[in-house]
Every structure is written in C-alpha cells, then in structure tokens.
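See structure below.
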Amino acid sequence: MKKISIIIVYLLSSICLVWAGDDSPTVASNKTAIDLVQSHADYVWTLVAAMFVFFMQAGFAMVEAGFTRAKNAVNIMMKNLMDFSMGSIVFFAVGFGLMFGASKTGFFGTTGFFLSDFKVGGDPWILAFWMFQAVFAATAATIVSGAMAERTKFVGYLLYSVFITGLIYPVFGSWAWGSLLNGGGWLEGLGFIDFAGSTVVHSVGGWAALAGAMVLGPRLGKYTRDGRVKPILGHNIPLAAIGVFILWLGWFGFNPGSTTAASKDIAMIFVNTNLAAAAGAIMAMLVSWMKFGKPEVGMSLNGALAGLVGITAGCANVTPTSAIFIGAIAGIIVVFSVLFFDKIRIDDPVGAISVHGVCGAWGTLAAGIFNIGGTTFGILGVQLAGIFACFAWTFPVAYLLFKLIDITIGLRVSKEEELEGLDSTEHGGNAYPDFATINHGTMGEFGGPSGSKYEPSPSFASKKIVDPA
Amino acid sequence: MKIIQAIIKPFKVDEVKDALASININGMTISEVNGFGRQKGHKEIYRGAEYQTDFVSKVEIKIAVDDAQVDDVVETIIAAAKTGKIGDGKIFIFPLEQVIRIRTNEKGLDAL
C-alpha cells in the first residue's frame, strides 16, 4: 500500500514538473498546434483515400473478368496486377516528374524524376502526394485493359502500360493538374475545371482504350458476316457486379480524396458522387428496359460507373441536385454509346470506351454547365477545349503506340491462341481447374465446338503448353 | 432388365426422385444435360444484343430395373414430371444385358 502511494505521488509530481517546464500557451503556439493537427489529418485523409483508389484495381479486375470468358480469367488477373505494379515503378521514375515537375512550357514537367523531391529528413508530404497520384495513374492505365480483353498479347500489353503511365497520362495530367505541386499547365491556366479527373484520368484511359480496341480489331465471332452482333457472354455476372460495387466504394476515395486535405468539403463531394452513381444506374436500367424489354444487368452496371465517371470532374463544384442530373444523363449516354460502338464494330467487352471516354467527356462538359458559381460561354469553351485536347493528345499517340507494338512484337495473339484461351497459351494456367466449362453458341462460324471449321495449325500445336498426349 | 433414361425439367428432380422412392426404386444416376427438342431454345439479351440459347438445361435420370417394374416406373416418372407445358422431356427405354455390383461381384437381378 505504501509503495503504491509513493508511486502515485511520484507520478503526480512528475506531471507537475512537465507542466512547469512548458511555456504557457500563446496565440502563436496554439496556432502551431492546430496547424499540426490539421496537417496530420491531411496526411491521414489523403492516404486513406489512396487506399480506396488502390482498391479500385480490384474492382476493375473483377468487372473485366466477369464480363469475359473463363478461359481468359488468368490473363485478366495478370494484366491488372502488372499494369499497377509496372505503372507504380514507371510513375516513380518518369511519370510523376513529367506531370508535377516544374514546367517552363506548360506542356510537361522536367523535374522531380525518381521522386527526387523527397530528401531524407525532409517534408514527407511529397510522399503522401505521390502515393495518391500513383494510384490515379494506375487507374488510367487499367481502364484500357477491359476494352482490349481476350485477344491482346501479354507482352504487348505490358509495353503499353509502361507508356501510358510514363508518358500519355502524365503529359496530359501536367496540362490540367501540374500546379498541384511544382508544375503549371496551359489548360489549368485557362481555368479548366476537372476536380478529380473525368478527363485527366477517365477520358485519357477511355480514348487510349478506343485506340487499342481499334488496332486490335474485334474478338473472333463477335460480329457475323451479315452485320449482326453476336454477343460473347461474360462468364460471371456476380463477379462483374461485385467489381462495380468495389469501384463505387473506391470512388469515395477517388473524388473526395482529391481534396488531398481533411476539410469539410469532402461531405458534399461524397454525396454528389453517390447520387450521380445511383442516378446513372437507374437511368441505364430504365433505358435498357425500354429498349430491350428487360432490365438488363450489364447495362445497369455500366450505368452506375457512367454516373461515377460523369460526376468526377464536377463533384466539388455542383450541387447534389445537379449531381443527380449529371449522373442520370451519363446513364442514358452510356447505353447508346455501347450500342453505337457495337454498331461500328469496335469490340469493347466491358464498355470501357463508353463509360470512361464518352462519359468522361460528358462529365467534363457538365462540370461547366452545372457550375455552382454559374456558367458562361467562356467556361464552356474552356471545358470543350480540355475535352478536345484530351482526345487530340491521347488518341493519336495511343494509336501510334499500339500500331508500333503491333508491327514490332505483335499486339494480338494468333487465332488459335484466342480460341484456345489466353490462360493456357499465354500463362500456362487455368483459372477454374475444378469446373467444367461448356460454351454454347458463342463461337459460331469461326469454329469451336459447333463450327468445326477450325483446324489447329502446326505452329499452334508446337506452341501449346498443356498437351495431354 | 431395362435401362430407363428420362430427360426431365431440372426443377422436377426432387419430385421424381421421391415418387420413385415410394415405389421402391432406391437407386439412380442423374446428370445435368443440355439439349433441345420441340421446345427449342429461347432468346436472351446480353449488353443490348439479342442471342438465341439453343440448348435448354435438363436433368437426365438413369435407372436400371427389372422388366416387371418398367411400366410402374414409367407411369411414376410421367406423373411426377409432367407440367403439361412444352419441354417436359422424354423417356427412353433400352435393353440391359448385364449388371454387376463391383463390391461383391453379384450379377443380374441380385446386383440391382
């Protein structure tokens, strides 16, 4: 008992000593303390948001896998793993400097490569900022994967992913967002509004996806000779749906996190993000119901994503009511856009071009139209300039890149490999070894179980990795 | 002895199995199969494009029985599997030469 009271007395006196040692608080010292708390909160919020955005990689992987055939699921997991992994390294080495380095021209940055802005013992904010921007860069890269699914050579895809995170995305990003750090782009100088990246991230990914899908051509059997669309069914709609839910969740980091500051602004951005997604899903469902007679699941899932992409530019500068309109219109646009690209025979298995490219453009325009501070033809003109600049930079460069890959190492797998599935031919694996997979009616005139026009070529026989004989 | 092969609607499996159990048929093999007859397939929609599913899912039941039981079994299956709508399925009957129980080497009726 005596010991305990001695300890208590000792503790109390030591606390008094600590108090006595402190200077009494002043206005200045209080301000420093408050600033410190704010700055810590900024770190936490930015990095938590980065975690959400990182999780979107899982969402993209599940959407893509669900909307495609079981025989390519391993390939899709590998593409999604590698575009993030390679993208992280490339963005560290090159992309971040191009995007946020000091820029004399306004067209690209020239400092900060290899994260050289970080000095040991220096301000670690650069690290938090880099992490948040790295997951964004990877998002732009991974959008393209879906549009090119089921027929792209793995090596070609790896090479592409280096160039989108190392060149295409950061250069456009520097035009619109460079001043968030050391840069300063010509587009943001005009007053371009794109808070979280309808254009910077999603349209860049979407237009690169368009270029990729065009250079590749459609999957075998997707379009018949008489001009009809022959759908190639996705193998797991619940997987695609969970992917959409993960993306929706991830967007709560993507949009509100783009404050890169713990502020009260995030509340409205959260609400806008959610309302736009909901409105997009509802409208896409209604349009598909009216057009096809049934509420179709693929279009409805795309509708939620369309709403999310649509609100991304304006999430911080439109009202919640406007967010509903923006999302609803995106949900309508996406259905007609998917049908349009099918009509002109650009095969996009997951609808990435429509969701990210087209609805990204719509969202960017909508951020000007529904601007809380009012809109002018000047604002709309700048928004249109940004939309156009994004297409004019991304599409030709990506098209050229894909063409070059196609000519040199090849962008598309052989016909035989495509029919066999990329899992066994590209990776020597099988996503579902314990399940039998029966395809009915998806290969049609190009061969497969019912067509029987397909004869394995000698070169294919030697390439085959799994040989039962 | 005969093999009775019945192709029925998948949701009728339990009813048919219970009905057969009530007339002392205590063994059968079932598999999930796809096919079409007069029912043909039906149209579905995927991402805005219509397609025809030619093969409809069915369950195939195989039962080996003594000749004397054939009529009973067939009537029981019909009674349990019938909905009266197109696609109820078909029953095929084949002669069965021999049956052997692997565990005991019993043959013929003893092995049933």
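For the range A:221-230, check the following and say yes or no: at least one residue is under 30 Å from A:T375 (Cα atoms) and of a type in the set (D, E). Checked the range A:221-230: no residue is under 30 Å from A:T375 (Cα atoms) and of a type in the set (D, E).
Listed here are the residues, each with its yes/no results for (1) within 14 Å of chain B (Cβ to nearest Cβ); (2) not small (G, A, S).
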site: A:G206; (1), (2): no, no
site: A:V215; (1), (2): no, yes
site: A:R219; (1), (2): yes, yes
site: A:R225; (1), (2): no, yes
site: A:V229; (1), (2): yes, yes
site: A:L233; (1), (2): yes, yes
site: A:L239; (1), (2): no, yes
site: A:I246; (1), (2): no, yes
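Looking across the range A:253-279, the residues that are surrounded by fewer than 21 Cβ atoms within 10 Å (Cβ to Cβ), assigned to a helix (DSSP H, G or I) and not β-branched (V, I, T) come down to A:D265, A:A267, A:M268, A:F270, A:N274, A:A278.
A residue that is crowded, with 24+ Cβ neighbours inside 10 Å, within 14 Å of chain B (Cβ to nearest Cβ) and in contact with a strand residue (DSSP E or B) (Cβ under 8 Å, 6 or more places away or on another chain) occurs nowhere in the range A:304-326. Across the range B:67-106, what is the number of residues that are hydroxyl-bearing (S, T, Y) and under 17 Å from the mean Cα position of the chain (by Cα)? Residues that pass the stated criteria total 2.
Within the range A:179-203, residues that are within 20 Å of A:F377 (Cβ to Cβ) and surrounded by fewer than 18 Cβ atoms within 10 Å (Cβ to Cβ) have Cβ atoms under 6 Å from residues that are at pLDDT 95 or above and of a type in the set (V, I, T) in these pairs: A:L190/A:V382; A:G191/A:V382, counting only partners at least 6 apart in sequence or on another chain. Scanning the range A:69-98 for residues that are over 30 Å from A:L220 (Cβ atoms) and touching a Ser or Thr at 6+ places or on another chain (Cβ under 7 Å) returns A:V90, A:F91, A:G95, A:G97, A:L98. So, of the residues in the range B:55-72 that are touching a helix residue (DSSP H, G or I) at 6+ places or on another chain (Cβ under 7 Å) and of a type outside the set (S, T, Y), which turns out to be nearest to the other protein chains (Cβ to nearest Cβ)? That would be B:K58. Give me a count of the residues in the range A:397-437 that are in a loop (DSSP other than H, G, I, E, B) and either at negative phi or out of contact with any helix residue (DSSP H, G or I) (no Cβ under 7 Å at 6 or more places or on another chain) (or both). The qualifying residues number 14. One residue stands out in the range A:76-108 among those that are in contact with a helix residue (DSSP H, G or I) (Cβ under 7 Å, 6 or more places away or on another chain) and charged (D, E, K, R): the one that is modelled with the lowest pLDDT, namely A:D83. The residue pairs whose first member lies in the range A:329-341 and is more than 11 Å from chain B (Cβ to nearest Cβ), whose second member is surrounded by fewer than 24 Cβ atoms within 10 Å (Cβ to Cβ) and among the small types (G, A, S), and whose beta carbons are closer than 7 Å, counting only pairs six or more residues apart or on different chains, do not exist in this structure. None of A:A284, A:A277 is touching a helix residue (DSSP H, G or I) at 6+ places or on another chain (Cβ under 9 Å) and more than 12 Å from every other protein chain (Cβ to nearest Cβ) except A:A277. Any residue in the range A:290-302 that's more than 7 Å from chain B (Cβ to nearest Cβ): show its pairings with residues that are surrounded by fewer than 23 Cβ atoms within 10 Å (Cβ to Cβ) and not aliphatic (A, V, I, L, M) at Cβ separation under 6 Å, as long as the two are six or more apart or on different chains. If the second residue must be surrounded by fewer than 23 Cβ atoms within 10 Å (Cβ to Cβ) and not aliphatic (A, V, I, L, M), the pairs left are A:P295/A:W289. Every test in (1) crowded, with 18+ Cβ neighbours inside 10 Å; (2) at pLDDT 50 or above is passed by A:M443 save one, and that test is (2).
In the range B:17-54, of all residues being away from every other protein chain (no Cβ under 14 Å) and in a strand (DSSP E or B), the one that is surrounded by the fewest Cβ atoms within 10 Å (Cβ to Cβ) corresponds to B:T29. Residues in the range A:342-377 that are closer than 30 Å to A:K230 by Cα and among the aliphatic types (A, V, I, L, M) were compared, and the one that is nearest to the other protein chains (Cβ to nearest Cβ) is A:V350. None of B:I78, B:I61, B:I93, B:I102 is surrounded by 15 or more Cβ atoms within 10 Å (Cβ to Cβ) and either outside any helix (DSSP H, G or I) or among the polar types (S, T, N, Q) (or both) except B:I61.
Entry remark, the range A:98-117: residues being part of a helix (DSSP H, G or I) and either under 12 Å from A:A134 (Cβ atoms) or without any contact (Cβ under 8 Å) to a residue 60 or more places away in the chain (or both) number 5 in total.
The values are calculated or read from the model by the stated rules, or taken from the named source; none is laboratory data. On a predicted model such as this, the values are computed, not experimentally measured, just so you know. Heads up, the Cβs are rebuilt from the backbone with ideal geometry, glycines too, and the neighbour counts pull from every protein chain shown.
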